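Asker: I have a structure I would like to understand better, so I am pasting it below and will then ask my questions one at a time.
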Amino acid sequence: MSFLDLGVSTDVVKGLKELGIVSPTKIQEQAIPVLLNNDLDFIGQAQTGTGKTAAFGVPLLSKVDPKNTKVQALVLAPTRELGQQIAKQLFKFTKYTDKIFTEAVYGGEKIDIQIKRLQRPTHIIVATPGRLVDLMAKKVIDLAKVETVVLDEADEMLSMGFKADLEKILATTGRSKNVWLFSATMPATLDDIVKKYLKPDAIRITVDQQDAVNKSIEHQYVVLDSSAKLDTLTYFLKTKKQQRGIVFTRTKAAARELYQQLWSMNYKVGLLEGEMTQKDRDKTLRGFKNKSLQLLVSTDVAARGIDVANLGFVVHYELPDQTDYYTHRSGRTGRAGNKGLSVAFVTRKEVAVLKNLERELHIRFSQIR
């Protein structure tokens, strides 16, 4: 099955090919023809790193009329980084088509700059919910003509506390719009949104949910005392040589302490935690993406929206509080068809938690001795 077989135009296929997107993933294969050929509400559930941006982005672009300068589509994303990335991808998809203008708006940048940019012709707005609500309050954008609203990483938006903002946005946009919801997991809070704002006949596609975590990822664990974690981590990092990865902690305090320890050992390491300024966060992510940093130490919330190609591994220095967090953490590796490795550091008491993860996520952990 090729993108042409799915009904994608030759000009868009040419743009996709230049990005190395040649064969559709499962979610693209199932979502694109449905969204291209129908006006409907849609729920797509697929694990992190399976190409959801093209799954909704390609059909979305086909529905935009370049001659109409009104805002016709809205994409909501949980973080600034993911929003920027989606806007960049949409721009690249249309390299060989009529010009379709996309603007990304998000917190952490002066709102006046974004208001000025939105005064230019804009077909698609990609936004974080909080900033979009701010812009709506200032009455600088008109969402009445929006025909399609995409909720990307919807579960993450809810876990970050954006439910009220999402409801305000969905209530404001025109009633005749289509809502396309994409998510890795479907928590109960998301069902509330679905029942309230999506039509009862919404098409629902679930890809590999019996394998909620990407099949390309190998899951391993090490049983150890807490006092041995740092030595075990440094030994593991030596075996990975030049590979890049993310080490996850459960708390900000643990992330800061581990970062300082690794930094003092001369590792090329960056820190991501929730209380950082946007400027420091951007600087760290730039360093990681341009490979001047080899390693990130991160909390769960701080890692949201990160998409870095060719990550060799993820280490769970501390196990997450929630099953969904394990899915999102491990989904940072093994992206775009590459192999990935997810390693959990656990005490003897925590082995039972891994057994629960195996049952809930239909995965198998192998022990490293």
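The values are calculated or read from the model by the stated rules, or taken from the named source; none is laboratory data. Treat the numbers as computed from the prediction; the structure is a model and nothing was measured. Please note: Cβ atoms are built from the backbone with ideal geometry, for glycine as well, and neighbour counts cover all protein chains shown.
Asker: Is the range 250-270 home to any residue that is out of contact with any strand residue (DSSP E or B) (no Cβ under 7 Å at 6 or more places or on another chain) and closer than 28 Å to N338 by Cα?
Answerer: Scanning the range 250-270 turns up at least one residue that is out of contact with any strand residue (DSSP E or B) (no Cβ under 7 Å at 6 or more places or on another chain) and closer than 28 Å to N338 by Cα.
Asker: Output the number of the condition that R329 fails; it satisfies all remaining conditions of (1) closer than 18 Å to T79 by Cα; (2) out of contact with any His (no Cβ under 8 Å at 6 or more places or on another chain); (3) at pLDDT 85 or above.
Answerer: Of the numbered conditions (1) closer than 18 Å to T79 by Cα; (2) out of contact with any His (no Cβ under 8 Å at 6 or more places or on another chain); (3) at pLDDT 85 or above, the odd one out for R329 is (2).
Asker: Against the condition surrounded by 19 or more Cβ atoms within 10 Å (Cβ to Cβ), at pLDDT below 95 and not in a loop (DSSP other than H, G, I, E, B), how does I27 come out, does it pass?
Answerer: So I27 fits the description; yes.
Asker: Can you tell me which residue in the range 336-366 is modelled with the lowest pLDDT, limited to those that are closer than 25 Å to T50 by Cα and assigned to a strand (DSSP E or B)?
Answerer: Of everything passing the filter in the range 336-366, G340 is modelled with the lowest pLDDT.
Asker: Something else: Would the range 112-119 turn up any residue that is within 23 Å of L35 (Cα to Cα), assigned by TED's automatic domain parsing to the domain that holds P187 and modelled with pLDDT of 90 or more?
Answerer: no
For every residue, the table says whether it meets (1) assigned to a helix (DSSP H, G or I); (2) modelled with pLDDT under 95; (3) touching a His at 6+ places or on another chain (Cβ under 9 Å); (4) of a type in the set (D, E, K, R).
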| residue | (1), (2), (3), (4) |
| --- | --- |
| L90 | yes, no, no, no |
| K95 | no, yes, no, yes |
| R131 | yes, no, no, yes |
| A144 | no, yes, no, no |
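Asker: From the residues in the range 167-191 that are under 17 Å from the mean Cα position of the chain (by Cα) and outside any loop (DSSP other than H, G, I, E, B), which one is nearest to N38 (Cα to Cα)?
Answerer: Restricting to residues being under 17 Å from the mean Cα position of the chain (by Cα) and outside any loop (DSSP other than H, G, I, E, B), the top hit is W180.
Asker: Here are the criteria: (1) in contact (Cβ under 8 Å) with a residue 12 or more places away in the chain; (2) in a helix (DSSP H, G or I). Tell me which single one V315 does not satisfy.
Answerer: Among (1) in contact (Cβ under 8 Å) with a residue 12 or more places away in the chain; (2) in a helix (DSSP H, G or I), V315 violates only (2).
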